[in-house]
Amino acid sequence: MFSYFEWMMAFRYLRARRQEGFISVIAWFSLLGIALGVATLIIVMAVMNGFRQELLTRILGINGHLSVYGQTSEIRDFDPIAERLRKVGGVRIVTPLIEGQVMVTARGVAQGAVVRGIRPEDLKRRTIIADNIKKGSLDAFGGATSIIIGGRLAQKMGVGVGDKITLISPKGNATAFGTVPRMRAYTVAAIFQIGMYEYDSSFIFMPLETAQVYFKHPGAVSNLEVFVDDPDDAIAIGRDISKTLKGAARIHDWQRVNASFFNAIQVERNVMFLILTLIILVAAFNIVSSLIMLVKDKGKDIAILRTMGATRGTIMRVFFIAGASVGTIGTLAGFGLGLAFSTNIESIRQGIQGLTGTDLFAAEIYFLSQLPAVVDPGEVFAVVLMGLGLSFLATLYPAWRAAKIDPAEALRYE
């Protein structure tokens with residue numbers, strides 16, 4: 001498509017001579033701008049994808065895809081109901097739970113927490129907990145006074161495995177002197193750390209029978225958590241469960257419960273994509289300006305080439321190659337830089353933190369203890385395609401303008 005002569009002339013024009021230095025500087029800035037734009041877009045999209053995937057994995061690892069509540073505050077005869085739900089198509093696990101809020105105190109420190117009463121065998125099937133026990137063992141979980149707490153909560157309370165903490169329930173015991181908060185001390189059997197600040201700092205797991213006694217739900221649970229084969233099918237399976245229970249239950253799916261959270265991430269992701277695309281667009285405009293200046297500077301050369309037999313198409317292709325080369329090299333450089341940065345982003349963050357002594361990714365703010373990044377090949381391909389497309393479009397007008405130069409007019413004024 002392009003001849004050797006056209007490639008030779010294009011690269012010769014890109015090499016700066018002394019009087020053309022400013023044009024070359026603009027071309028280099030254009031290349032750098034496109035490279036940084038493409039790399040930044042790939043990195044940001046990877047981080048946003050990582051955020052969504054990590055949060056989704058942790059949220060759905062701790063919480064079920066569906067939560068089934070009774071018509072009242074508790075569900076009785078829950079085991080037969082759970083057995084019926086396990087027969088619904090697409091349902092993988094059904095777990096009876098008791099959930100309640102408490103105040104935790106230890107060593108003079110107090111804070112709020114969420115207690116979940118769950119059978120030991122059910123907790124062992126929660127791999128996100130079972131595979132992230134940092135201290136102690138799940139084998140010790142099951143006694144009348146044993147509990148499992150998050151690592152950050154243990155750090156705040158200053159307790160370890162074998163230490164006792166006191167739980168205070170806001171729903172107290174009625175006495176002759178009024179309502180007295182229920183208080184009871186429990187022994188820490190194990191400490192988990194899943195890497196999500198909200199859960200590590202405020203979740204406590206308690207044996208189901210112990211929770212039934214503490215929260216005064218004898219022979220009952222507060223809800224049933226349902227895990228399905230495909231989280232995206234949760235809504236449809238929820239309708240099947242409702243039919244199975246003949247409408248005698250309230251069903252909450254994970255998409256509805258976390259809708260505002262994941263919608264906010266999606267909106268932020270789209271806005272960041274639009275903003276960062278402007279970097280590539282500005283760099284493309286720099287290609288236009290540098291090529292227009294190059295065409296103006298090479299007017300006499302173009303006229304001589306035309307008189308020697310070069311066609312308008314040849315001239316147009318020469319300047320198209322010159323501009324497209326800048327865009328292509330910049331896009332490929334940005335592609336490599338973006339992938340390298342994305343795959344090593346946590347190591348880079350740790351290195352910067354070590355040099356500056358500052359916390360660049362506070363878990364209290366961002367919920368996660370590590371900076372995640374998941375590269376989507378489809379998105380990377382789209383970004384590279386966009387960078388190349390804008391670069392090629394930027395060369396069309398200057399190349400067309402070069403091809404329109406009249407040799408006679410150009411040589412007359414020279």
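Here, each number is a calculation from the coordinates, and none is a lab measurement. Please read all numbers here as calculations on a predicted model, not as lab measurements. A quick note on method: Cβ atoms are made from the backbone with ideal geometry, for glycine too, and the neighbour counts reach across all protein chains shown.
Things worth noting here:
- With a cut-off of 13 Å between beta carbons, the residues surrounding residue 49 carry a summed charge of -2, where Lys and Arg count +1 and Asp and Glu -1.
- Normalising the Debye intensity of the chain to I(0), with uniform scatterers on Cα atoms only, and taking log10 at q = 0.07, 0.09, 0.12 Å⁻¹ returns -0.54, -0.71, -0.99.
- Going from the fewest other Cβ atoms within 10 Å to the most, the residues 397, 214 appear in the order 397, 214.
- Relative frequency of Cα-Cα separations exceeding 13 Å in region 60-107, percent: 67
- Cross-link table 134/156; 300/404; 298/404; 134/216; 135/156; 135/164, entries beyond 20 Å C-alpha to C-alpha: 134/216
- Residue exposure proxy: 94, 380, ordered by other Cβ atoms within 10 angstrom of their Cβ from fewest to most, comes out as 380, 94.
- Rounded to the nearest whole Hz, the Karplus-based 3J(HN,Hα) values (6.51 cos²θ - 1.76 cosθ + 1.60, θ = phi - 60°) of region 229-239 follow the sequence 5, 10, x, 5, 9, 4, 5, 5, 5, x, 5, with x at glycine and proline.
- Neighbour net charge for residue 132 - beta-carbon separation under 13 angstrom, K R +1, D E -1: +4
- Under the combined filter of DSSP loop state and at most 15 neighbouring Cβ atoms within 10 Å, region 129-229 retains these trypsin sites (Lys or Arg not before Pro): 216.
- For residue 404 and residue 275, a Förster radius of 35 Å and the Cβ-Cβ distance give a FRET efficiency of 0.45, rounded to the nearest 0.05.
- Sequence-ordered 3J(HN,Hα) estimates for region 119-125 from the Karplus curve with 6.51, -1.76 and 1.60 and θ = phi - 60° stand at 5, x, 5, 6, 5, 5, 7 Hz, glycine and proline given as x.
- Computed per residue of the chain from DSSP H runs no shorter than four, each worth -39500 (n - 2.57), the mean residue ellipticity at 222 nm is -18500 deg cm²/dmol.
- Under 5 Å, built H, 5+ apart or other chain: amide partners of residue 135: 191
- Burial ordering of 253, 232, 297, fewest other beta-carbon atoms within 10 Å first: 232, 297, 253
- Label-point separation in nm, residue 8 to residue 139, each point 7 Å along Cα→Cβ: 8.0
- Residue 70 long-range amide H proximity, modeled H, under 5 Å: 250
- The chain: antiparallel DSSP beta bridges as a percent of all, rounded to 5: 80
- Net charge, residue 106 excluded, C-beta distance under 11 Å - Lys, Arg +1, Asp, Glu -1: +2
- Full-extension gain in nm, residue 184 to residue 119, via 0.36 nm per residue minus C-alpha separation: 21.4 nm
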